[in-house]
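Presented below is the structure to which this report refers.
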Amino acid sequence: MESLLKVVISGLDNAGKTSILTALDKKYDFQKDIVQLKPTIRVEYHKMNFLRNNTIFWDMGGQSTYREIYMQYQDVYFDATDLLIYVIDIQDTERFENSLEYLDAILTFFAENKMDIPLIITFHKYDPDLRGNTEILQNIDKLREKLLDKYSTFKILFQQTSIYDIISIVQLVSYGLSVFDEKFFELSELLENYLEEFNSQALIVFDRNGIIVSEYYSDIEPEIYVELLESIKEHLFLLKRMEEETFELDHDISTSEFTLFSYLHRLKIGKEPFFVSVATKEDKKEDFLEKFPDFLDDLSKILKELI
Ligand SMILES: Nc1nc2c(ncn2[C@@H]2O[C@H](COP(=O)(O)OP(=O)(O)OP(=O)(O)O)[C@@H](O)[C@H]2O)c(=O)[nH]1
Ligand SMILES: [Mg+2]
């Protein structure tokens with residue numbers, strides 16, 4: 001039996017909710033679509049398949065009129081929620097209090113109805129050029145402490161996202177969805193072990209939509225960090241093409257200008273395609289190529305149980 005997950009994505013107007021979902025959907029070349037976004041009227045529904053679950057994202061338009069409606073008919077909008085993603089615009093310092101009040105209203109509803117729901121709070125618009133900005137980092141810390149203190153009974157996961165960092169968006173959703181199955185821990189262990197055996201930098205398993213099923217990284221040296229991100233981005237783009245067109249080969253190998261050997265491999269479990277993305281240092285690639293078939297065997301066993 002397939003189950004259906006309801007993911008509510010909420011936050012003030014202009015926080016970036018629809019942008020997040022648009023970026024997630026497109027993965028590449030989405031900037032143009034995001035510039036044209038208009039404020040969301042009431043709720044937009046957005047369906048996505050993730051492993052055996054069908055996921056419906058409820059993108060709740062955040063303008064105050066709509067917020068009032070949701071609060072008036074809380075059970076209509078928030079009943080049967082499986083996961084809440086709450087988006088706070090980290091650049092909109094003036095409205096932090098306002099945003100916390102809205103979150104409080106939603107969480108009060110969950111608490112009153114004894115709904116024990118995992119919650120992801122993302123500090124959004126944490127754009128690459130703001131990394132290391134002390135004021136922003138202090139604000140994030142302050143908000144995080146406040147929230148942890150106030151909502152100690154909730155399971156809260158914090159994230160930092162930006163639409164200019166597509167991997168942060170993919171991670172946001174994949175962490176959220178992976179809380180629903182214990183098999184993910186086994187998978188994560190497998191990746192950890194093989195990453196060590198391969199001596200690689202990154203090992204990621206994507207589903208057909210480019211959602212991360214699991215991932216593992218070694219300590220990444222600053223010099224190759226940018227190169228690694230480029231390799232992952234490139235793989236997101238490629239897997240989309242492999243899905244859309246009938247791509248002849250089941251893998252793609254590329255070597256970047258400098259040091260990284262990057263490899264994308266498609267594997268099918270039943271009818272379900274998965275993609276394995278590997279980035280390894282050029283001088284370690286023999287190790288990797290030799291052991292990769294064993295990894296695929298072990299991986300297939302776990303994925304079979306997941307779908
Ligand atoms: N700098 C920056 N701007 C962003 C980011 N994400 C979204 N935006 C911008 O924020 C504005 C609002 O984005 P939307 O996605 O429409 O916001 P929303 O939360 O859906 O708003 P409502 O539908 O009214 O609730 C747009 O101009 C986006 O381009 C981000 O990560 N960084
Ligand atoms: Mg919107």
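Figures for the structure shown
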quantity	calculated
Residue list for the range 186-208, restricted to those being over 24 Å from Glu290 (Cβ atoms) and buried (at least 21 other Cβ atoms within 10 Å of the Cβ)	Asp207
Checklist (1) closer than 22 Å to Ser168 by Cα; (2) part of a loop (DSSP other than H, G, I, E, B); (3) more than 16 Å from ligand 2 (Cβ to nearest atom) applied to Leu5, failing item	(2)
Pairs with Cβ under 7 Å, 6+ apart, first in the range 148-167 and touching a residue at least 60 places away in the same chain (Cβ under 8 Å), second in a loop (DSSP other than H, G, I, E, B)	Gln160/Tyr126; Thr161/Tyr126; Ile163/Gly16; Ile166/Lys27
Selection count, the range 19-31, where residues are within 11 Å of ligand 1 (Cβ to nearest atom) and out of contact with any strand residue (DSSP E or B) (no Cβ under 8 Å at 6 or more places or on another chain)	5
Members of the range 30-87 that are in a loop (DSSP other than H, G, I, E, B), touching a residue at least 40 places away in the same chain (Cβ under 8 Å) and at negative phi	Phe30, Arg52, Gly61, Gly62, Gln63, Thr81, Asp82
Breaking point among (1) within 14 Å of ligand 1 (Cβ to nearest atom); (2) within 15 Å of the chain's Cα centre (by Cα); (3) not β-branched (Val, Ile, Thr), for Glu44	(2)
Hits in the range 144-187 - residues which are under 23 Å from Tyr263 (Cα atoms) and not in a helix (DSSP H, G or I)	Asp165
Single unsatisfied condition, Asn53 versus (1) among the polar types (S, T, N, Q); (2) closer than 23 Å to Ile163 by Cβ; (3) more than 14 Å from ligand 1 (Cβ to nearest atom)	(2)
Failed condition for Leu5, given (1) modelled with pLDDT of 80 or more; (2) near ligand 1 (Cβ under 10 Å from one of its atoms)	(2)
Hits in the range 72-97 (condition: surrounded by fewer than 11 Cβ atoms within 10 Å (Cβ to Cβ) and of a type in the set (D, E, K, R))	Asp75, Glu94, Glu97
Some residue of the range 89-98 being assigned to a helix (DSSP H, G or I), free of Cβ contacts under 8 Å to residues at least 12 places away in the same chain and under 30 Å from Pro273 (Cα atoms)	no
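Residue-wise test of (1) assigned to a helix (DSSP H, G or I); (2) in the same structural domain as Lys155 (by TED's automatic domain parsing); (3) in contact with a helix residue (DSSP H, G or I) (Cβ under 8 Å, 6 or more places away or on another chain); (4) without any contact (Cβ under 8 Å) to a residue 60 or more places away in the chain.
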position	(1), (2), (3), (4)
Glu189	yes, no, no, yes
Tyr194	yes, no, yes, no
Val205	no, no, yes, no
Arg208	no, no, yes, no
Glu223	yes, no, no, yes
Glu230	yes, no, no, yes
Phe237	yes, no, no, no
Arg241	yes, no, no, yes
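Per-residue answers, yes or no, for (1) closer than 29 Å to Ala80 by Cα; (2) in contact with a Ser or Thr (Cβ under 9 Å, 6 or more places away or on another chain); (3) among the polar types (S, T, N, Q):
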| residue | (1), (2), (3) |
| --- | --- |
| Asn113 | yes, no, yes |
| Asp127 | no, yes, no |
| Asn133 | no, no, yes |
| Asp165 | no, no, no |
| Gln171 | yes, yes, yes |
| Gly176 | yes, no, no |
| Glu189 | no, no, no |
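The values are calculated or read from the model by the stated rules, or taken from the named source; none is laboratory data. The model shown is predicted, which means the values in this text are computed figures rather than measured ones. As a convention, Cβ positions derive from the backbone with ideal geometry for all residues, glycine included, and neighbour counts pool all protein chains shown.
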